[in-house]
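Shown next, in structure tokens, is the structure this report addresses.
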């Protein structure tokens, strides 16, 4: 047994993305990026993770903060903390489900340090932000020493703790696409009482036209399966219809259908329960998002 | 290889050489003998080790000391000033917000953060704000009362 | 502040100044020059043979000073004792060897196998992975009932069938009562395994002086004196050359109530190396290396008349003891369980059988309440189960069966005598705070809105004030359970009180100072309370079983009386009157009706030491030592009421209200008592709703960290509504019964009863803890399915 001591490692605190990427390359996959550190450091203390080097992003320029672009989209730097998201006027007015999800992450202290980039790049299957990322169709910016690229959220989460990021890439930020008039989003969660991670978390983003018809819908689900997924089958039932209770319930019955056979089954919840709760929480998320879209 | 860090702790600047794996909690406790900051878990769950880093409540067991380079840290030892207890300390004593006392330093620091951000929190806001600090003695009843009392004596409504 | 007025006052705690300013001295805050650090290599297997332990790589690692295996230290370490052994003839009691470092076999995940000593915590931790243990995994068993089945893996060869004991107790004739009863209701009631989780994990520092052979052990314990005694017995190191100090202790809840392997290991290593060593338990380690609580499977049966008179209770239990017997393990599911099964009720027929079973799990011992929560849960759950069965209200049925109020002893059929009780009074006081009729209306209204509300009661009793030594000894205790005190009056009249109790959050420094201040009429700041050091105080017992005030407080009262008696003699001599003429009040000795004849306390104290004018034959000095061995246990009781709301769709639960009326006899400091009640409720509610230790079949702890085991947070509770009735005990002159465990004992049945009440209309009769959302969802789902099936079957029949 250990006493909360990590294995030794080399520490780097580069000032540019390029240097950070070079540091990753130098250790050939045996270096870890440190953002807020609230997933990485506990894993290192339990010696589940023992990287040769830690590359701290705290000093890297240009990857912090929230900025509204001229086209109405929002750039969020990867090192933006949950607390900054929760208290951002731009986020609360334009994409409140991001703040809503951030506010449900862990606790006060963790939210002071945990970052949006860390959450997405770590891709914990029960993390809160990935569901919102999927529902709001985040465009995820990744840079290496040589190139920059943008990854659509639908292609970002690949598996358990696995993303589309390459070994030498750094997630520098995300762009939240502009929300059309009549849009609303929400994140709701059945939390694990111990870890406060999501047993099931569902984010919904909807646009409703003045006639009350849902013209677009995206639903992101976390906690239920190996990674955050989009529930297109539920979305399809919503689009083109007025969101009556009946329609929402029908959609919810398809909530997480993509995860059939893949639902997590562990000491906290069975696959069967997660499947059922995915449907319940899909209905709840859609209901709240629809109310917000109509207001 | 050791790294040099400069950290201001409770108003005093310290320049230190530390191995990168030194946690901020270890630096405080083992290097500087500030043992008021306690360590109650190894999964970032219990909050006993909470300190303020640049004003933000922080689990010092989940931060390497090198990450705090250039930061200002306040520990429980730094709450009182000029021999006067901080209102939160006064309130914890007045409302019996502690029993064994082990969680208390971290609990008070988080409470300071809660009140700094919201001088008149509701009971529900206090309870949710304290979610990252575990106490096994008090059932939180008197801790919540202490935070409410601190809000009152600090001038919150 | 002086005089009797301090008794019953909300005096702020004297402990707090240090603790709120970061000046507490918990074990890991202590430093010694040249300190080495110990890390323990632990079994990753639930059950395995140890073929070989190779420490060579670890021993050569940087910063490593030494590595010890069980074989290295076998003779010095001895075998950890079970300090409570049931009658061998009657129960077949087995107490297998328990080597502090496993030698041939490991019996649970976390079993200690080797100790690495390093120059820093990091050096010791780093080398743990370098110790190569060749394990041969064996089949494991983790469930107590399964462990008794034919062909189950055998944990200890000398305990066939994994049976540590088969204990029974009874009264009357249950079978006859059941045969005559209108109604017999049975239920399997599981009291799940819990992990105590004091916020401070355990820790030990040990230092040895080879010149004097003095060994000093600092340990985070509730029982420093017993640790010293047991350490001496186990290791052969002379007791008078061992000093055990409990510094500030960050909570215990029963799990720091034993001689642990690490205490022996660190003591012996310090002696071996002649260097001070420290071991600090990590939380993850605490989850497997520190005792767990509860883990009972009870098959219960209650019988009675159709109009609400209970006539008997039968309980058969499989009690999981884990891989070895921890110090008090055999007492918990037997004495502290079986003797409580009468509750506060009149029924006369009781049958209880308890099988204590070894399994490949962390040892199980006392956890707050210890046996009594398990018993109360069975009794209070079965009372409501029975009331539902006969279609009567749970309050009315309780009232019908309550023992009538009594002030001076009530003999229970099981053979114990309750000290004093007024169960009707506590229930009435609780119902004053809780409008039952209004709640039932609210419940009906809520159900129409699709909200499920339920109320649950627990009219509990507990057995506290451990304990009359002769009784405990007859039941198997390996030590007396009296308590001791010393009152040392200093020449200036200030006082040091030494107590054998060992607080870890209970505020004894305040409470005992209040008593002392009030009795002696001196300011509280002139009283210092010392505890937790075997060198400063004579042998004492410690803090557990809600005993510190009921037993330790009385020991203090006796010493105070002795000191006052002697001081009166000195004062009388000074005043030239007979001792009988001297009164003592508010810190002044005086003679009734003679105004000028009075001497303040301080002058008498000085006189006692100056000794220039003492009565003939009176020794100088002013100090008294007392040992109090109570004639009976104390029996606190009360009524707790829980209101719970269940989300019908998800199964999530919410505790909406919690009302607690406790009767702990007289109260010295209501603020402290309330605080302990709050904490106890939180632990009981935690058990009911969310805490549960889960093992895989091969012995892996699946809830092995705070990320998986749900210690409740502030968000999980409403503000508690507490109050008291006062029915003093006659067992001690303070009239105090003890308050440390009431909440934990009362709360879990109240909450589960509330949940069953909320789901009663669906046909739900029982729920096992914890009431996780999934369990509730499944229960609701299944109950609705069943109802639907019944209805459609009925409809078909109707066709």
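Nothing in this text is a laboratory measurement; each read-out follows from the coordinates by a stated rule. Keep in mind the model is a prediction, meaning the values are calculated, not measured. FYI the Cβ positions are ideal-geometry reconstructions off the backbone, even for glycines, and counts take in every protein chain you see.
Placing a label point 7 Å from the Cα of residue A:70 along the Cα-to-Cβ line, the residues of the stretch A:167-181 whose backbone N sits under 17 Å from it are A:178. Springs between alpha-carbon pairs under 10 angstrom, Gaussian network model over chain A: which of A:37, A:117, A:77 fluctuates most? It is A:37. Counting only DSSP beta bridges with both residues in the stretch C:162-289, what percent are antiparallel, rounded to the nearest 5? So the antiparallel bridges amount to about 70 percent of the total. Projecting label points 7 angstrom from Cα along Cα→Cβ for residue C:444 and residue A:180 puts them 5.1 nm apart.
Calculated [222 nm] ellipticity per residue, helices only, for chain C: -9000 deg cm²/dmol; basis is -39500 (n - 2.57) per DSSP H run with n ≥ 4, divided by all residues, nearest 500.
When the Kirkwood radius is taken over all Cα pairs of the protein assembly as shown, what Stokes-Einstein diffusion coefficient follows at 20 °C and 1.002 mPa s, in µm²/s? Answer, rounded: 67 µm²/s. Listed by Cβ neighbour count within 10 Å, with the fewest neighbours leading, B:154, A:144 appear as B:154, A:144. Inter-chain neighbour count for B:56-68: the average number of beta-carbon atoms from partner chains within 10 Å of each residue's beta-carbon is 6. Note that the stretch C:1-141, at 37 °C in a medium of 0.692 mPa s, gets a Stokes-Einstein diffusion coefficient of 175 µm²/s from its Kirkwood radius over C-alpha pairs.
Taking a ≥ b ≥ c as the square roots of the eigenvalues of the Cα gyration tensor, an a/c ratio of 1.5 or more together with a/b no larger than b/c marks the stretch A:72-121 as oblate. Pairs of Cα atoms nearer than 8 Å and 6+ residues apart set the relative contact order; for chain C it is 16 percent. Using a cutoff of 8 angstrom between alpha carbon atoms and counting only pairs six or more residues apart, the relative contact order for the stretch C:122-203 works out to 12 percent.
Quick one: go through the stretch C:35-63 and flag any residue whose amide nitrogen is under 17 Å from the point 7 Å out along the Cα-to-Cβ line of residue C:97. Output list for this probe position: C:48-53. Using the Stokes-Einstein relation with a Kirkwood hydrodynamic radius computed over Cα pairs, the translational diffusion coefficient of the stretch C:198-312 at 25 °C and a viscosity of 0.890 mPa s comes to 152 µm²/s. With a ≥ b ≥ c the root eigenvalues of the C-alpha gyration tensor of the stretch C:640-722, is it rounded (a/c under 1.5), prolate (a/b larger than b/c) or oblate? Since a/c reaches 1.5 but b/c is at least a/b, the shape of the stretch C:640-722 is classed as oblate.
Averaged over peptide C:348-360, the number of partner chain Cβ atoms lying within 10 Å of each residue's Cβ comes to 0. Relative contact order of chain A: 16 percent, from C-alpha pairs under 8 Å at least 6 residues apart in sequence. The order of the peptides C:173-185, C:117-129 by mean Cβ neighbours within 10 Å, most packed first, is C:117-129, C:173-185. Across the stretch C:575-684, Cα-Cα distances exceeding 17 Å account for 75% of all pairs.
For chain B, the 222 nm mean residue ellipticity estimated from helices alone, with every DSSP H stretch of n ≥ 4 adding -39500 (n - 2.57) and the total spread over all residues, rounds to -8000 deg cm²/dmol.
Does a label point 7 Å from the Cα of residue C:594, set along Cα-to-beta-carbon, have any residues of the stretch C:555-579 with amide nitrogen under 20 Å, and which are they? Output list for this probe position: C:565-579. Estimated from helices alone, the mean residue ellipticity of chain A at 222 nm is -9000 deg cm²/dmol (sum of -39500 (n - 2.57) over DSSP H runs with n ≥ 4, per residue). The Cα-based radius of gyration of chain C, divided by its Kirkwood radius, gives an Rg/Rh of 1.00. With Cα atoms defining each centre, the stretch C:743-799 and the stretch B:93-143 are spaced 36 Å apart in the structure. Shape class of the stretch A:1-49 from the Cα gyration tensor (axes a ≥ b ≥ c, square roots of the eigenvalues): prolate, since a/c reaches 1.5 or more and a/b is larger than b/c. Using only alpha-carbon positions in the stretch B:78-157, the gyration tensor eigenvalues give semi-axes of 17, 16, 11 Å once each is multiplied by 5 and square-rooted (largest first).
Going by neighbour counts of Cβ atoms within 10 Å, the residues A:41, A:98, C:594, A:66 line up, fewest first, as C:594, A:66, A:41, A:98.
Using only Cα atoms, locate the centre of the stretch C:69-85 and the centre of the stretch C:399-438, then give the distance between them in Å, rounded to an integer. If you average the Cα positions of each part, the centres end up 46 Å apart. For the pair residue C:305 and residue B:80, label points projected 7 Å from Cα toward Cβ lie 6.5 nm apart. Neighbouring Cβ atoms from other chains, within 10 Å of the Cβ of residues in A:45-56, number 3 on average.
Here the Debye sum runs over all C-alpha atoms of the stretch C:405-503 as equal scatterers in vacuum, and log10 of I(q)/I(0) at q = 0.10, 0.15, 0.21 Å⁻¹ comes out as -0.62, -0.88, -1.12. Summarising the label geometry, the points placed 7 Å from Cα in the beta-carbon direction at residue C:214 and residue C:656 lie 6.3 nm from one another. To the nearest ten degrees, helix B:104-117 and the longest principal axis of the Cα atoms of chain B are 70 degrees apart. Spread over its residues, the convex hull of the C-alpha atoms of the stretch C:293-334 is 80 Å³ per residue. Distance from the Cα centre of the stretch C:516-568 to that of the stretch A:229-295, in angstrom? Taking the Cα centre of the stretch A:229-295 as reference, the centre of the stretch C:516-568 is 64 Å away.
Can you give the FRET efficiency for residue A:272 and residue C:54, using 1/(1 + (r/R0)^6), R0 = 45 Å, r = Cβ-Cβ distance, to the nearest 0.05? The value I calculate is 0.45. The protection proxy used here, the mean number of other Cβ atoms lying within 10 Å of each residue, ranks peptides A:99-112, A:20-33 as follows, highest first: A:99-112, A:20-33. Seen against the Cα atoms of chain A and their longest principal axis, helix A:271-294 is set at about 70 degrees. For the listed peptides A:239-251, C:435-447, C:104-116, A:283-295, a ranking on the average number of other beta carbons within 10 Å per residue, highest first, reads C:104-116, A:283-295, A:239-251, C:435-447.
To test your reading of the geometry: what angle, between 0 and 90 degrees and rounded to tens, separates the Cα axis of helix A:17-26 from the longest principal axis of chain A? Tilt relative to chain A: about 60 degrees.
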